[in-house]
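The values are calculated or read from the model by the stated rules, or taken from the named source; none is laboratory data. A quick note: this is a predicted structure, and the numbers were derived from the prediction, not measured. All Cβ positions, even for glycine, are placed from backbone atoms using ideal geometry, and neighbour counts span all protein chains on display. Remember, those area values only see protein heavy atoms, side chains included, never the ligands or the DNA or RNA. Shrake-Rupley method; radii C 1.70, N 1.55, O 1.52, S 1.80 Å.
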Amino acid sequence: MAKIISPPEIHDDIDSFMRSWEDTDTEYITANTSGSTGRPKEIKLLKSDMLHSAMATNIRFGLDSSSCMLLPLSSSYIAGKMMIVRAIAAGCVLYAEKPSSYPVKGKYPRIDLLPIVPAQAQSLIDRPHLTQNVTNIIIGGAPLHPSTESALISAGYNAFATYGMTETCSHVALRKLGGDIFKAMPGIAFGTNRDSCLTIHCTDGSYSWNSIETNDIVELHGDTGFIWRGRRDFVINSGGIKIFPEEIERILAPYLDSDFYIIGTPHPKWGEAVTLVIADNCMPTDEILGICRKMLPRYWIPANIVFASHIHRTVSGKIIRKRPEDL
């Protein structure tokens, strides 16, 4: 049986989830999507699917009744719910902290699995004395900034970016930091549809779903690996050339100090133009353009630069790509 240790201020949230989990009159747990591409949706997840996903993660990281896990995320979201289920499946100790930018607030004998979102990563880099006993880290919710990924690698963490969604009960693939390829969890295979978007397939019948189509454009590596290129929703079609905003963002991220994103805006000749939306900062437009011209292929250079007072993000850190007229 799992032992959950938490501060008083989050007891009620965890108890609420436990009551729902132990309620034998319902087979479902209610969760919400992130809302990065629209309004968050309420989804009912089968407890059996959640349990299978939890067991797959436990097997992947060798977690059992002797393990210790740490939950620094809200149990209102799928990532937090799944950590509780992983602890239940393993029958191990789960320490829970009130969510904040500091995922590890105290000293623990050891932490065999720590889930974080990118906004919490800097604390691990800055406070190694609190995290030296962390064995495995999984990072989800939003893409990591390249400099943050490099810093985590340099700090020696055994860390993985996750790929998944609420509908799949958390991750179905992991990418070790420093590598490019997301590798499938057991019982999962990948394909693509005619739009080159990822399709996820359950190969062993362990989930209630057989396949799920996504809006993520990928480059397949066999049927159990892929490189993520970007969201189909965000692809810019400029004069017949398809441009992936996320690829531009990865290149520019080390050189632009302010928060920013790339979006397509209407263009009378080319259909769409590459537009950079950046939080107000002291960098002049000419300096930003100079960086873009130096680092980007010709067709990727922004035709427009829009300054915004604030870049909006979801709770997990995903950018909400507002069009310039909606800022």
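Observations
- Answer label, with Rg and Dmax of the Cα atoms in Å calculated from the coordinates and candidates (1) 20.7, 64; (2) 38.0, 143; (3) 20.6, 54: (1)
- Under a 5 Å amide H cut-off, with hydrogens placed 1.01 Å from N, residue 164 pairs with 172 among residues at least 5 apart or on other chains.
- FRET efficiency for residue 242 and residue 158, using Cβ-Cβ distance with R0 set to 41 Å, rounded to 0.05: 0.70
- Karplus-derived 3J(HN,Hα), 6.51/-1.76/1.60, for each residue of region 172-189, Hz, glycine and proline x: 10, 7, 10, 10, 5, 4, x, x, 10, 9, 7, 10, 5, 6, x, x, 10, 9
- To the nearest ten degrees, helix 78-90 and the longest principal axis of the Cα atoms of the chain are 30 degrees apart.
- Label sites at residue 20 and residue 194, each approximated as a point 7 angstrom past Cα along Cα to Cβ, lie 3.9 nm apart.
- Sequence-ordered 3J(HN,Hα) estimates for region 321-327 from the Karplus curve with 6.51, -1.76 and 1.60 and θ = phi - 60° stand at 7, 6, 6, x, 6, 9, 6 Hz, glycine and proline given as x.
- With the convex hull constructed from alpha-carbon coordinates only, region 1-160 shows a mean projected area of 9.5 nm² over all directions.
- Among the protein heavy atoms of region 255-327, carbon and sulfur supply 52% of the accessible surface, probe 1.4 Å, non-protein parts ignored.
- Region 242-249 - phi-based ³J(HN,Hα) in whole Hz, Karplus 6.51/-1.76/1.60, Gly and Pro as x: 8, 10, 9, x, 5, 5, 5, 4
- Between helix 11-22 and the chain: long-axis angle, C-alpha atoms, 0 to 90°, nearest 10: 70 degrees
- Summary value for region 259-327: 33 percent relative contact order, contacts being C-alpha pairs under 8 angstrom separated by 6+ residues.
- Taking every DSSP helix (H) stretch of at least 4 residues in the chain, weighting each as -39,500 (n - 2.57) and dividing the sum by the residue count yields a mean residue ellipticity at 222 nm of -7000 deg cm²/dmol.
- Whole-percent carbon and sulfur share, accessible surface of region 24-110, 1.4 Å: 50 percent
- Averaging the sequence gap over all C-alpha pairs within less than 8 Å and six or more residues apart, then dividing by the number of residues, gives the chain a relative contact order of 12 percent.
- Two-site FRET efficiency, residue 66 against residue 210, from Cβ-Cβ distance with R₀ of 56 Å, rounded to 0.05: 0.95
- Here the Gaussian network model covers the chain, with springs between Cα atoms less than 10 Å apart; of 24, 214, 314, 24 fluctuates the most.
- Along principal axes, Cα extents of region 77-180, largest first, whole Å: 32, 32, 21
- In this structure the chain gives 49 Å² per residue of accessible area when probed at 1.4 Å with all protein chains present.
- Amide proton proximity set for residue 96, modelled H, under 5 Å, gap of 5+: 5, 6, 71
- Calculated on alpha-carbon atoms, Rg and Dmax of region 115-250 in Å: 16.2, 53
- Dipole magnitude of the chain about its Cα centre (Cβ charges: Lys, Arg +1; Asp, Glu -1), debye to nearest 20: 500 debye
- On Cα atoms only, tilt of 47-60 relative to the major axis of the chain in degrees: 80 degrees
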